[in-house]
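> The structure under discussion is supplied below as structure tokens; questions concerning it will follow.
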Protein chains: 2
Amino acid sequence: MGETITHKLKAFSLAQILEMESRFRAQFINSLGGFKSVCLVGTQNKSGLSNLAIFNSVMHIGSHPPLMGLLFRPDVVERHTLENILETHFYTINHLNETIYKQAHQTAARYNRTISEFDATGLTRFYKSDFFAPFVKESTIQIGLEFKEKTVIKSNQTILLIGEVKQVTLPKKCIKEDGFLDLELAKTITCSGLDSYHNTKIIDRLSYAKPDKLSTSIL
Amino acid sequence: MGETITHKLKAFSLAQILEMESRFRAQFINSLGGFKSVCLVGTQNKSGLSNLAIFNSVMHIGSHPPLMGLLFRPDVVERHTLENILETHFYTINHLNETIYKQAHQTAARYNRTISEFDATGLTRFYKSDFFAPFVKESTIQIGLEFKEKTVIKSNQTILLIGEVKQVTLPKKCIKEDGFLDLELAKTITCSGLDSYHNTKIIDRLSYAKPDKLSTSIL
């Protein structure tokens with residue numbers, strides 16, 4: 001927080017945000033919430049055609065039962081991932097790492113419905129015997145989910161899907177004694193805005209916060 | 001993706017996840033979704049008592065109108081932030097940086113309702129003339145929001161609040177030509193799991209993905 005960064009602040013009102021050119025505003029507001037999870041979502045339709053799409057809207061919903069959310073833009077254009085999940089109820093969430101972020105980004109292109117993004121990008125479909133949807137072989141952390149709930153956000157018609165975690169595969173050494181996952185060891189990356197990818201470096205882990213004493217490092 | 005990381009994988013079924021000790025499972029599942037945004041949410045009740053709380057559940061909902069989501073655990077214990085937002089409709093989201101993450105983490109302690117976490121942690125309340133809720137002076141990126149919508153996730157009774165961005169203050173030099181915000185220049189940090197804080201280092205920004213050609217760096 002040096003003065004060098006903060007002494008020239010700029011303020012924007014809602015009116016000024018609404019006046020921004022639309023792509024500028026999309027970049028601006030998509031950046032505003034901070035760093036985000038970025039994952040590949042794998043699905044397959046009933047005809048056996050697989051689909052793979054990058055999402056930066058994966059969110060933790062709860063741990064008991066283990067639930068994750070995924071936000072979709074309004075259903076105005078073809079959304080193959082959304083259609084497949086609603087049709088088959090199964091999907092996978094696969095973490096990005098630095099080796100595959102370019103291919104992962106490329107899955108956002110509007111490929112024709114008959115083209116699998118696995119084939120188009122060269123990422124490897126990987127099926128597990130007991131799970132309908134394909135995983136990404138190059139992903140270090142792979143999660144299989146079952147659709148539970150669909151909610152439409154009234155304010156802008158985005159669609160929030162809630163899924164239950166049915167299975168997880170990850171490197172054994174990423175699991176710490178207390179259940180914490182060392183995502184840096186798994187080479188998981190993060191994103192910001194619409195198109196920016198970042199590595200991380202841990203600062204600290206802090207103990208459970210209590211009113212009567214300051215949290216300390218538990219690294 | 002060295003073989004050294006991936007050759008010892010461990011798989012977990014839902015049944016195995018449900019059998020985990022509850023704090024272990026909370027760490028495990030909270031880590032599973034990847035890196036997350038971590039912010040301080042500032043509120044004030046009608047009596048003028050301010051509240052400050054750390055959240056790792058801020059999410060982008062849409063850019064036109066500019067909307068952000070905030071997820072709350074089920075309403076079984078006192079949730080001062082949630083109560084204040086529903087009572088007054090205004091709140092602030094303030095980015096964390098490395099200078100204040102310890103104080104920010106400390107706001108998670110269960111302070112008595114009559115104690116403001118600003119006072120308890122030493123973070124500085126900052127009011128803007130036209131906005132009801134307090135901002136965090138030490139935060140480099142400050143966002144003022146108005147409550148729009150409350151949705152209860154049926155699967156686990158968590159509460160999703162949607163707010164509209166009413167004003168934003170940030171360092172001018174963080175704003176790039178295309179609207180992208182350089183969060184690293186703002187010193188914004190990210191988090192994983194329940195208690196882990198991380199700096200980031202940009203890998204790349206990639207051009208808009210199109211089916212007929214591979215995305216290239218736009219850094």
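> Could you pull out the residue among A:18, A:49, A:14 that is surrounded by fewer than 15 Cβ atoms within 10 Å (Cβ to Cβ), within 8 Å of chain B (Cβ to nearest Cβ) and touching a Lys or Arg at 6+ places or on another chain (Cβ under 9 Å)?
A:18
> Would you point out which residue out of A:146, A:138 is more than 30 Å from residue A:24 (Cβ to Cβ), touching a residue at least 40 places away in the same chain (Cβ under 8 Å), facing another protein chain (nearest Cβ under 7 Å) and acidic (Asp, Glu)? Even if it seems obvious, please write down each step before you answer.
Working: A:146 fails: facing another protein chain (nearest Cβ under 7 Å).
From the options A:146, A:138, the qualifying one is A:138.
> Also, I was wondering about something else. From the list B:122, B:193, B:163, B:179, which residue is in contact with a helix residue (DSSP H, G or I) (Cβ under 9 Å, 6 or more places away or on another chain), more than 7 Å from chain A (Cβ to nearest Cβ), at positive phi and not hydroxyl-bearing (Ser, Thr, Tyr)?
B:122
> If you go through segment B:97-111, how many residues are in a loop (DSSP other than H, G, I, E, B) and farther than 12 Å from residue A:211 by Cα? Working first, answer last.
Step one: filter segment B:97-111 for residues in a loop (DSSP other than H, G, I, E, B), giving B:98-100, B:107-111.
Subsequent filtering for residues that are farther than 12 Å from residue A:211 by Cα retains B:98-100.
Matching residues across segment B:97-111 total 3.
> Please go through segment A:68-92 and pick out each residue that is among the hydrophobic types (A, V, I, L, M, F, W, C) and surrounded by fewer than 23 Cβ atoms within 10 Å (Cβ to Cβ). Outline the logic, then answer.
Residues of segment A:68-92 among the hydrophobic types (A, V, I, L, M, F, W, C): A:68, A:70-72, A:76-77, A:82, A:85-86, A:90.
A:71, A:72, A:76, A:77, A:82, A:86, A:90 - these are the residues of segment A:68-92 that are among the hydrophobic types (A, V, I, L, M, F, W, C) and surrounded by fewer than 23 Cβ atoms within 10 Å (Cβ to Cβ).
> Can we say residue B:108 is within 30 Å of residue B:182 (Cβ to Cβ) and surrounded by fewer than 24 Cβ atoms within 10 Å (Cβ to Cβ)?
Here the answer is yes, as residue B:108 does meet what is asked.
> Please specify each residue of segment A:98-119 satisfying the condition of being farther than 11 Å from residue A:53 by Cα, modelled with pLDDT of 95 or more and away from every other protein chain (no Cβ under 11 Å).
Listed by number, the list holds a single entry, A:119.
> For the structure I just gave you, tell me whether residue B:132 is over 27 Å from residue A:203 (Cβ atoms) and among the hydrophobic types (A, V, I, L, M, F, W, C).
Taking the combined requirement at face value, the residue satisfies it.
> Output the residues belonging to segment A:141-181 that are within 18 Å of the chain's Cα centre (by Cα), in a loop (DSSP other than H, G, I, E, B) and crowded, with 22+ Cβ neighbours inside 10 Å.
A:141
> Next up: Could you tell me which residue of segment A:98-141 is nearest to residue A:167 (Cα to Cα), considering only residues that are touching a Ser or Thr at 6+ places or on another chain (Cβ under 8 Å) and among the acidic types (Asp, Glu)?
Filtering first and then ranking leaves A:138.
The values are calculated or read from the model by the stated rules, or taken from the named source; none is laboratory data. Just so you know, these numbers come straight off a predicted model, no measurement behind them. In this analysis, Cβ positions are derived from the backbone assuming ideal geometry, glycine residues included, and neighbour counts consider all displayed protein chains.
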